[in-house]
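Notes follow the structure.
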Amino acid sequence: MSAIQLTANGLALGASYALVALGFVLIVNATGAVNFAQGDLAVAGGFLTVALAGVVNLPGVVLLPIAMVAMAGFGVAFAYLAYFPLRHQPPATVFISTIAFGIVLENGANGLFGAAPRLGPPLLPGGPVELSGLILPRQSLAIVAVTCVLIAGLQFVLMHTQFGRRLRATAQDAEMARAVGIPVGAMIAWTFALAIGLAGAAGMLLSNQFFIAPGDGTNLMLKAYIAVTIGGWGRIWGAVAGALIVAFFETILAVLLSQSAAEMFLYLAVLVVLGLRPRGLLGETIGRRA
Amino acid sequence: MTGALLSVEGLVVAYGPMPALRGVTFSVGPGEVSALFGPNGAGKSTLLKAIIGLVPIRAGRIRFDGQAIEGMAVERRVALGLGYAPEGRRVFAGMTVRENLEVASPAARPERARRIAEIYRLFPALGENATANAWQLSGGQQQMLAVGRALIAGSRLLLLDEPSLGLAPKTSRDLLASIRSIAAAGTSVLFAEQKVPAALQVADHAVVLRAGEIVHAGRADAASAQTIMERSFLGA
C-alpha cells in the first residue's frame, strides 16, 4: 500500500471515528450523560444501509441522507426510552441504560444479519481516481469529503442559527436555558437526533471501507471515548482532532510497526495526554463549551 | 389585587421537609418596581424561582395578568412576558454577548435585532463588547448581560435576583439606576436586594421576607432603610 493510500485510509477512518465522537460530545454536552450505545448505534446505521442497499438500487450518496434521517428518528426514540425516563436518577442509571440499549442493538443485529462482517454500499461507484499523477482511493476521498461537509454543516447550524444557539445554551446551562424560554426537553431530543444521525452516517461510511459486524460497536465506542479524551471533553474540534490521532495510530503506525505495537502506543499516548493535559489537547475551560 | 400584573397568594414552597416560603401573598402592579429584602435564607431567591417556575410550589396561586400560571412550564411563563436573571448571573459563558441576547429572544430576526439594539442603548457596554465571549466580560458587564437577556426574553415583568451582588459601588449604583429606566419603558420589576438604601431609591414598593414569611410590605418612600433592616433581621 502506498503512503498516499495509507494516509487516505487513515483520514477516512479518522473521519468516521470523528462522526461517532462528535455525536458522543453532543450528547455529553447537552445531558451530562455518556452514551455508551453510540458505537452500537453507528453499527446499526451501517447495517441499515446494508439492508437498504439490498432492497433499493440507489447510490451510497443517496442512501446516506436516508440512513441519517432514519437514525435521527431512531435517536429521538432512543432519547425517550434510554434517557428521559432516567434523567433525574443518578448518572450511573443512564450509563447502564445506554449500555443495555447497546447490547440489545448488538444482539438484534446479530440475529438479523449474523455475526460475520458485512460490506456496505460504496458512497460513489468506481475505482481509484487519478489526481495530478497520484492514484487516490475514491472511497476514502469520498468519506473524508462527506465528513467535512457534515462537520461544516454541524458547525454552521451550531454557530449561525437560532436552533444551534439554543442547543448550545442548553448544553451550557440547561436550567438557565429554561429560564430564558428555551424548550430544553425538545432541544435534548434534537441533540440525540443529531448525534445518532451522525453515528448512522459513520456506520455507513465505515461499512464500505472497513466492513461492519454486530460486535464492532464496543470498539467504536471505545475509540470515540479515547478520541474525546485525547481531544478534550466538550470540544467539537477536540473530538475531530482526537479521532484523527486515533486513526493515525491504527493505520499508519500499525503499518510502520505492528497492530499490537500501535495499539500499545495509542494507549500510552492517552496516558501521556491525561498526565500532561487532563482536559485533553483542546480541552475546555470550565464553563465554556462550543 | 385588581389591576395587579403579578399577584401571589398564599404561596408555599418547601425543600423536602424544610419550608422555604410560608403563605406569601403580595402583588406587583404594571410599571411598578418592587424591592424584595430579607436576610440570607429568608426565601427571596426561592420566591423569584417559584414565580418563574424553576421550583415547584406546594400551595398557593400565582397570577400573571389575571392568568393562573402556577401550573405552567417555564417556557410558557417566559412567553407570557416574565424574564428572570438569577443570582450569580449565569450568562452563557461560551457564547458571545450578542448570542446571549439572541438565544433568549423569541422574536423573528428583524424584531430580534431591534430589541437587541434597545438593550445596547440601555447598556452601551454590551454593544461595545457584542462579539466578546460572555466569560471575558467584567462582573458588572456580565450582570448587565444577565439583565438584558432576561429583558429580551420576557419584557413585561423582570425578576432580578440580587443584581448588585459582588459589584463595585459605582457599577452597582448604575445597575440599580437602570432598573428605573427599564420601568420607565413599561416593564415591571421585582428584584431581591441586600443593599437596602440604594434599592429603596429605585423601588416603588418594598417587601420584606423573613424565614419565608412577609413581615413588611408597603411603599418604598415610606419605609426607611432602618425600618427595613429591623424588620429583616429582627422581625420587629
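So which residues in segment B:65-80 are surrounded by 14 or more Cβ atoms within 10 Å (Cβ to Cβ) and either within 14 Å of chain A (Cβ to nearest Cβ) or out of contact with any Lys or Arg (no Cβ under 9 Å at 6 or more places or on another chain) (or both)? Steps first, answer last, please.
Of all residues in segment B:65-80, those surrounded by 14 or more Cβ atoms within 10 Å (Cβ to Cβ) come to B:65, B:69-70, B:72-80.
The answer is B:69, B:72, B:73, B:74, B:75, B:76, B:77, B:78, B:79, B:80.
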Original post:
Taking the stated definitions as given, is residue A:252 more than 14 Å from every other protein chain (Cβ to nearest Cβ) and in contact with a helix residue (DSSP H, G or I) (Cβ under 7 Å, 6 or more places away or on another chain)?
Top reply: yes
Original post:
Going by the structure shown, is residue B:99 crowded, with 18+ Cβ neighbours inside 10 Å and either among the charged types (D, E, K, R) or over 24 Å from residue B:123 (Cα atoms) (or both)?
Top reply: yes
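Can you tell me which residue is nearest to residue B:107 (Cα to Cα) among those in segment A:130-177 that are among the small types (Gly, Ala, Ser) and touching a Lys or Arg at 6+ places or on another chain (Cβ under 9 Å)? Give the derivation first.
Start the filter on segment A:130-177 by keeping residues that are among the small types (Gly, Ala, Ser), which leaves A:132-133, A:140, A:142, A:145, A:152-153, A:164, A:169, A:171, A:174, A:177.
Applying the additional criterion that residues be touching a Lys or Arg at 6+ places or on another chain (Cβ under 9 Å) yields A:171, A:177.
Numbers: A:171: 22, A:177: 16 Å.
By that ranking, first place goes to A:177.
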Original post:
Taking residue A:93, is it farther than 18 Å from residue A:200 by Cα, among the hydroxyl-bearing types (Ser, Thr, Tyr) and assigned to a helix (DSSP H, G or I)?
Top reply: yes
Original post:
Residues in segment B:120-155 that are within 13 Å of chain A (Cβ to nearest Cβ) and either crowded, with 24+ Cβ neighbours inside 10 Å or closer than 19 Å to residue B:77 by Cα (or both): how many?
Top reply: 12
Original post:
When residue A:101 is evaluated against the numbered criteria (1) over 20 Å from residue A:174 (Cβ atoms); (2) assigned to a helix (DSSP H, G or I); (3) free of Cβ contacts under 8 Å to residues at least 12 places away in the same chain, which criterion, by number, is the only one it fails?
Top reply: (3)
Original post:
When only residues in segment B:95-111 that are more than 12 Å from residue A:180 (Cβ to Cβ) and β-branched (Val, Ile, Thr) count, which is nearest to the other protein chains (Cβ to nearest Cβ)?
Top reply: B:96
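Yes/no per residue for (1) over 30 Å from residue B:101 (Cβ atoms); (2) within 14 Å of chain B (Cβ to nearest Cβ); (3) touching a strand residue (DSSP E or B) at 6+ places or on another chain (Cβ under 6 Å); (4) surrounded by 19 or more Cβ atoms within 10 Å (Cβ to Cβ):
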| position | (1), (2), (3), (4) |
| --- | --- |
| A:115 | yes, no, no, no |
| A:121 | yes, no, no, yes |
| A:126 | yes, no, no, no |
| A:132 | yes, no, no, no |
| A:141 | yes, no, no, no |
| A:147 | yes, no, no, yes |
| A:153 | no, no, no, no |
| A:161 | no, yes, no, no |
| A:165 | no, yes, no, yes |
Subject >> Failed condition for residue A:278, given (1) assigned to a loop (DSSP other than H, G, I, E, B); (2) away from chain B (no Cβ under 14 Å); (3) at pLDDT 90 or above >> reply: (3)
**OP:** Might you let me know whether segment B:66-89 holds any residue that is out of contact with any helix residue (DSSP H, G or I) (no Cβ under 6 Å at 6 or more places or on another chain) and of a type in the set (Val, Ile, Thr)?
**Re:** no
Original post:
Out of segment B:157-210, which residues are within 18 Å of residue B:87 (Cα to Cα), under 11 Å from the mean Cα position of the chain (by Cα) and part of a strand (DSSP E or B)?
Top reply: B:157, B:158, B:159, B:160, B:161, B:189, B:190, B:191, B:192
Subject >> Scan of segment A:1-27 for residues that are over 13 Å from the mean Cα position of the chain (by Cα), part of a helix (DSSP H, G or I) and over 27 Å from residue A:114 (Cα atoms), ordered by number >> reply: A:3, A:4, A:5, A:6, A:7, A:8, A:10, A:11
Subject >> Any chance residue B:85 is small (Gly, Ala, Ser) and more than 9 Å from chain A (Cβ to nearest Cβ) >> reply: no
Original post:
Only one of A:19, A:13, A:48, A:26 is touching a residue at least 24 places away in the same chain (Cβ under 8 Å) and farther than 18 Å from residue A:236 by Cα; which?
Top reply: A:48
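Given the criterion β-branched (Val, Ile, Thr) and over 16 Å from the mean Cα position of the chain (by Cα), identify the matching residue among B:97, B:78, B:74.
On the way: B:78 fails: over 16 Å from the mean Cα position of the chain (by Cα); B:74 fails: over 16 Å from the mean Cα position of the chain (by Cα).
Just one listed residue meets the conditions, B:97.
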Original post:
residue B:127 versus (1) touching a residue at least 12 places away in the same chain (Cβ under 8 Å); (2) within 20 Å of residue A:165 (Cβ to Cβ): which is the lone unmet condition?
Top reply: (1)
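Please go through segment A:175-226 and pick out each residue that is within 14 Å of chain B (Cβ to nearest Cβ), without any contact (Cβ under 8 Å) to a residue 60 or more places away in the chain and in a helix (DSSP H, G or I). Show your work before the answer.
Step one: filter segment A:175-226 for residues within 14 Å of chain B (Cβ to nearest Cβ), giving A:175-188.
Okay, now just the ones that are also without any contact (Cβ under 8 Å) to a residue 60 or more places away in the chain, so A:175-184, A:186.
Once the filter is applied, which keeps residues that are within 14 Å of chain B (Cβ to nearest Cβ), without any contact (Cβ under 8 Å) to a residue 60 or more places away in the chain and in a helix (DSSP H, G or I), segment A:175-226 yields A:175, A:176, A:177, A:178, A:179, A:184, A:186.
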Subject >> Leading residue by the ranking (nearest to residue B:36 (Cα to Cα)) among those in segment B:142-156 that are in a helix (DSSP H, G or I) and of a type in the set (S, T, N, Q) >> reply: B:143
**OP:** Restrict the check to segment A:89-105 and report whether at least one residue is more than 17 Å from residue A:36 (Cβ to Cβ), over 22 Å from the mean Cα position of the chain (by Cα) and exposed (fewer than 13 other Cβ atoms within 10 Å of the Cβ).
**Re:** no
**OP:** For residues that are buried (at least 23 other Cβ atoms within 10 Å of the Cβ) and hydroxyl-bearing (Ser, Thr, Tyr), tally how many sit in segment A:234-252.
**Re:** 0
Original post:
Which numbered condition trips up residue B:47, out of (1) under 20 Å from residue B:183 (Cα atoms); (2) within 16 Å of the chain's Cα centre (by Cα)?
Top reply: (1)
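The values are calculated or read from the model by the stated rules, or taken from the named source; none is laboratory data. What you see is a predicted model, and the numbers here were worked out from it, not measured in a lab. Positions of Cβ are generated from backbone atoms using ideal geometry, with glycine treated the same way; all protein chains shown enter the neighbour counts.
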